């Protein structure tokens, strides 16, 4: 009996059983068909008149007396009676038609030695339209056919019995292996790695037995129609076996780390121990576990390769979807293990195991939006040594910038910034949308102004502080007589650094004091809150509220691979990033709500034309902290694209320049200076063609990458693909798009992270 909602492995076993029973079933059906052979009549031949011969009486229908022991199958195949309205079925000729000298109703003489009567012309004719040689030939053919069918039936029966035994053995072992894998997964979720390791080991034993059963019967595997399905079954079982082996190795590697986190075998850590108390021990375990992590990676890679090699035509629709889901989950797990493996490679060096490491932290205020997240008003130097946090030094960014000016080391900033300053300092150095490029520029200016070197840079926005305060709870700053919470932190920062500027010669001091307290709270979180802290870190990295840059090339490669570096992606696909810089020295960027609409039109020959419409809605007023905003806007599109048209609607005076086209960071850039006033909207449209086409061959794909600017919130994105003139039609898309009308598919998203699109095209279906 089939299981409800079976796994792909068990489904494959069921199919194996069905396909192996196929010969037996077909042979049975073939044998149960009533055999009706019509004897063809010869054309009449004019012959000389002959003396009449005695007529034999009309024979009665010939019937075989059916013994009661015959089965229904035998009764059907041996029922040779003649019906009154149909020709005889295998009806033999009468004896008289063969031996004309025999009187009607008499029996053939038992004297076999008696010579037969002489053959005459009459006897040589086909009496009764039958000749003995042809009858004998047809009977011989029938006997051969029945014998052949009997042999095939025996082979089919053998295959069926063999397949049945194979099915039972493989099914039982595979089902047991699947149960152990499920128990291992539950144990991992409960962080019981010792239990999980035992279940993975049991799963290996069962799956190895199932694979052995599947491979040992050469008779079944030699049947061509069956071998393909058996190969698919082997690949699925081998894939599950690699997962079990990789899971065992992985849990063996992580078990010592969980022992440390749970306080086992360590008198130095308790439930109240801080994150810093664990750091050194965890670094040691990570370094030791790297070889095991590599083995686990190899196993999961092998499992994924086996699943990728499966022929989809061997799977039904539901199982094909389950295998695809399994491939996606393996890929996700593989990526996580790869991250841990890479971290184990570089984390000791990052945390100062090879000497103290110093990192520049930029506090980027996204209320005054800048290319990498916001205006830089304050910074900090974070120091690690021997795997532990050692020190946090905070300062106002104007101090090192002032030293650059005092020492006469000023450089002119990029042209759009020259209206604000003639001396390029740290506060304006995050001008490139590519965070690694900006980081190198900021670090260079910091070293010029302070004389100190750093090993990397971290950019954060107030959103990170807000999320951490939601975890740690409110903090009290006695020197400011303020209780800071997740709800009021952003408004307090704005007020302290702007309104109280005249009363305090160091307006950035509030943010500096707050950051020190919050960081201390985070480093001393109880173990129960660590998971929440890591979730905050993960989400802020994805949304680019945290961006990282390391001078260590291996560490930087890790950041880039995991999209933690804030870099502008190099891509051969369609590409879009809208980036703005607030040049009005106001904190009103928080009141600007952008909305994007991107329409992609594919022509008959595959030419791609994009039309981008950007709408900015100013929801603020003319009262502080709101004000007008002057933005330097850059739109990054594929290098070599051709601008066809750039237009402005609604607030027509909002566009302060003619669109400039140039190349930067391997992209074509469309730049404008725009002004957005309170309680108004500004709409900008750009139409351009891409430098490449989509192939018109089956399986052609349209792909795109859309990157989000750091420091921005959720941005609504309306997407439309117009393929009405294209020679192909979409088969599938990722993410899912819906059909709006013939020739158009569309989707609506909230752009919170970078996203990519992929649409596969096939020939039009004719219904």
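The values are calculated or read from the model by the stated rules, or taken from the named source; none is laboratory data. These figures come from a predicted structure and were not determined experimentally. We place every Cβ from the backbone using ideal geometry, glycine too, and count neighbours over all the protein chains shown.
What the table below lists for this structure:
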{"quantity": "Residue within the range 315-325 that is crowded, with 20+ Cβ neighbours inside 10 Å, under 28 Å from the mean Cα position of the chain (by Cα) and not in a loop (DSSP other than H, G, I, E, B) present", "calculated": "yes"}
{"quantity": "Test: residue in the range 578-591 that is closer than 14 Å to residue 706 by Cα, assigned by TED's automatic domain parsing to the domain that holds residue 656, assigned to a strand (DSSP E or B) and out of contact with any helix residue (DSSP H, G or I) (no Cβ under 8 Å at 6 or more places or on another chain)", "calculated": "yes"}
{"quantity": "Some residue of the range 577-595 being on the phi > 0 side of the Ramachandran plot, over 32 Å from the mean Cα position of the chain (by Cα), modelled with pLDDT under 95 and surrounded by fewer than 19 Cβ atoms within 10 Å (Cβ to Cβ)", "calculated": "yes"}
{"quantity": "Matching residues in the range 449-462 - criterion: being out of contact with any strand residue (DSSP E or B) (no Cβ under 8 Å at 6 or more places or on another chain) and surrounded by 20 or more Cβ atoms within 10 Å (Cβ to Cβ)", "calculated": "449"}
{"quantity": "Answer from 623, 698, 664 - the residue that is surrounded by fewer than 14 Cβ atoms within 10 Å (Cβ to Cβ) and closer than 22 Å to residue 583 by Cβ", "calculated": "623"}
{"quantity": "Scan of the range 427-444 for residues that are free of Cβ contacts under 8 Å to residues at least 60 places away in the same chain and either within 21 Å of residue 709 (Cα to Cα) or buried (at least 22 other Cβ atoms within 10 Å of the Cβ) (or both), ordered by number", "calculated": "427, 428, 429, 441"}
{"quantity": "Flag if residue 356 is surrounded by fewer than 18 Cβ atoms within 10 Å (Cβ to Cβ) and at negative phi", "calculated": "yes"}
{"quantity": "Meets criteria (more than 39 Å from the chain's Cα centre (by Cα) and surrounded by fewer than 16 Cβ atoms within 10 Å (Cβ to Cβ)) for residue 679", "calculated": "yes"}
{"quantity": "Matching residues, the range 527-551, being within 19 Å of residue 347 (Cα to Cα), crowded, with 16+ Cβ neighbours inside 10 Å and in contact (Cβ under 8 Å) with a residue 12 or more places away in the chain", "calculated": "533, 541, 546, 547, 548, 549, 550, 551"}
{"quantity": "The listed residue being in a helix (DSSP H, G or I) and at pLDDT 80 or above, out of 245, 234", "calculated": "245"}
{"quantity": "Residues that are touching a strand residue (DSSP E or B) at 6+ places or on another chain (Cβ under 9 Å) and closer than 25 Å to residue 451 by Cα, drawn from the range 354-373", "calculated": "355, 356, 357, 358, 359, 360, 361, 362, 363, 364, 372"}
{"quantity": "Residue 629 surrounded by 19 or more Cβ atoms within 10 Å (Cβ to Cβ) and either touching a strand residue (DSSP E or B) at 6+ places or on another chain (Cβ under 8 Å) or within 26 Å of residue 428 (Cα to Cα) (or both)", "calculated": "yes"}
{"quantity": "Selection from the range 723-767 of residues that are assigned to a strand (DSSP E or B), in contact (Cβ under 8 Å) with a residue 40 or more places away in the chain and over 30 Å from residue 592 (Cα atoms)", "calculated": "758, 759, 760, 761, 762, 763"}
{"quantity": "Matching residues in the range 368-400 - criterion: being modelled with pLDDT of 90 or more and not in a strand (DSSP E or B)", "calculated": "368, 369, 370, 371, 372, 373, 374, 397, 398, 399, 400"}
{"quantity": "In the range 445-469, the residues that are in contact (Cβ under 8 Å) with a residue 40 or more places away in the chain and farther than 18 Å from residue 377 by Cα", "calculated": "452, 453, 454, 455, 456, 467, 468, 469"}
{"quantity": "Out of 706, 635, 658, sole residue that is assigned to a loop (DSSP other than H, G, I, E, B) and on the phi < 0 side of the Ramachandran plot", "calculated": "658"}
{"quantity": "Some residue of the range 549-561 being assigned by TED's automatic domain parsing to the domain that holds residue 415 and part of a strand (DSSP E or B)", "calculated": "yes"}
{"quantity": "Any hit, the range 263-272, residues being modelled with pLDDT under 70, at positive phi and part of a loop (DSSP other than H, G, I, E, B)", "calculated": "yes"}
{"quantity": "Selection from the range 725-739 of residues that are closer than 14 Å to residue 606 by Cβ and surrounded by fewer than 14 Cβ atoms within 10 Å (Cβ to Cβ)", "calculated": "725"}
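So that you can scan it fast, the table gives a plain yes or no per residue for (1) in contact with a strand residue (DSSP E or B) (Cβ under 6 Å, 6 or more places away or on another chain); (2) touching a residue at least 12 places away in the same chain (Cβ under 8 Å); (3) closer than 21 Å to residue 455 by Cβ; (4) not assigned by TED's automatic domain parsing to the domain that holds residue 710:
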{"site": "336", "(1), (2), (3), (4)": "no, no, no, yes"}
{"site": "382", "(1), (2), (3), (4)": "yes, yes, yes, yes"}
{"site": "406", "(1), (2), (3), (4)": "no, no, no, yes"}
{"site": "410", "(1), (2), (3), (4)": "no, yes, no, yes"}
